[in-house]
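Everything on this sheet refers to the single structure shown next.
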Amino acid sequence: IICKCCEWCMPRVIYFFSGIDGAGKSTHSKLLTCYLVKKCNCKVRLVWMRWFALTSYPLLAICRFLGLTLRPRGSTIPLRLYWMVKPISRLWLNLFLLDYAIYASYVSANLFCRKSVVVADRFALDILVDVIYDTRLNPLKHLVGRFFYLLLYKLLRTGKARGVVMLVDEETVFSRRKDIPLRSYVRFRIPIYRKLAKHLGLPVIDGRAELTENFKIVLKAVGVNG
């Protein structure tokens, strides 16, 4: 007998966790991976699907030279001020999304073809938030951005991807993470996550809640029997 979860997983699916830093995405992605392996006997791969630079390398180098990329002391997260130069912000939007599409295609080719269930810590939604923060542009007003958004939308509507957005308040982020560059970095991104989650019909989970209860919510949200 195959459980409802495994039956649904067979067509190659990805469960993803998106959201603000320090909200519990990595913890819950590991918990879901263990649950699918032990309880549902699924073949599961846990991956970190943030970003990999390829076509954007030359632009990254130029921006460092121009002083548009900063790394505040104690922070592991670079601050990209590309919104200050409009031509660079438009170019970055296109190259950044293109690089992620290439990276995601590579991951898909290597994992999905094996009929693995994929659990992703971070996903395309986080890339959209990143590019909005870096450029202050609306991706939907650009061809590559529209294509990227529609691809994510189609994955969700066809059931090839199921995920949740995990958020916490600003104070909780800074109590859990010591490498966040600026408060404005968090303050800007939280409402963007909420807006995109609403548009895409993704559940938003409060990462401050008790771990066991939150995990039950996650299982229900992604369609896995708890």
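Quick one: is R157 more than 28 Å from T76 (Cβ to Cβ) and touching a strand residue (DSSP E or B) at 6+ places or on another chain (Cβ under 7 Å)? So R157 does not fit the description; no. Taken together, N214, N138 contain a single residue that is touching a residue at least 24 places away in the same chain (Cβ under 8 Å) and over 18 Å from L79 (Cβ atoms), which is N214. Within the range 173-181, is there a residue that is in contact with a strand residue (DSSP E or B) (Cβ under 7 Å, 6 or more places away or on another chain), open to solvent by less than 10 Å² (accessible area, probe 1.4 Å), closer than 26 Å to Y100 by Cβ and assigned to a helix (DSSP H, G or I)? No, the range 173-181 contains no residue that is in contact with a strand residue (DSSP E or B) (Cβ under 7 Å, 6 or more places away or on another chain), open to solvent by less than 10 Å² (accessible area, probe 1.4 Å), closer than 26 Å to Y100 by Cβ and assigned to a helix (DSSP H, G or I). Each residue in the range 206-226 was checked for being open to solvent by less than 20 Å² (accessible area, probe 1.4 Å) and in contact with a helix residue (DSSP H, G or I) (Cβ under 6 Å, 6 or more places away or on another chain), and 2 of them qualify. The set of residues in the range 189-226 being part of a helix (DSSP H, G or I), small (G, A, S) and modelled with pLDDT of 95 or more consists of A197 alone. Of the residues making up the range 35-48, those that are out of contact with any helix residue (DSSP H, G or I) (no Cβ under 7 Å at 6 or more places or on another chain) and open to solvent by 70 Å² or more (accessible area, probe 1.4 Å) are K38, K39, K43, W48.
For the subset of the range 56-94 comprising residues that are free of Cβ contacts under 8 Å to residues at least 60 places away in the same chain and of a type in the set (V, I, T), which member is nearest to Y185 (Cα to Cα)? For the range 56-94, the residue satisfying everything is T69.
Scanning the range 77-107 for residues that are of a type in the set (F, W, Y), at pLDDT 95 or above and open to solvent by 40 Å² or more (accessible area, probe 1.4 Å) turns up just one, W83.
Can we say I62 is modelled with pLDDT of 95 or more, of a type in the set (V, I, T), surrounded by fewer than 20 Cβ atoms within 10 Å (Cβ to Cβ) and more than 26 Å from S108 (Cα to Cα)? For I62, the condition - modelled with pLDDT of 95 or more, of a type in the set (V, I, T), surrounded by fewer than 20 Cβ atoms within 10 Å (Cβ to Cβ) and more than 26 Å from S108 (Cα to Cα) - is met. As a summary of the residue check, L97 satisfies the conditions (1) of a type outside the set (D, E); (2) touching a residue at least 60 places away in the same chain (Cβ under 8 Å); (3) assigned to a helix (DSSP H, G or I) except for the one numbered (2). Only one entry in D169, D126, D134, D130 is acidic (D, E), open to solvent by 30 Å² or more (accessible area, probe 1.4 Å) and at pLDDT 95 or above, namely D169.
The values are calculated or read from the model by the stated rules, or taken from the named source; none is laboratory data. These numbers were taken from a predicted model, which means no experiment stands behind them. Because the Cβ atoms are built from the backbone with ideal geometry, glycine has one as well, and the counts that use them run over all protein chains shown. Protein only, heavy atoms only, side chains kept; ligands, DNA and RNA dropped before computing areas. Shrake-Rupley method; radii C 1.70, N 1.55, O 1.52, S 1.80 Å.
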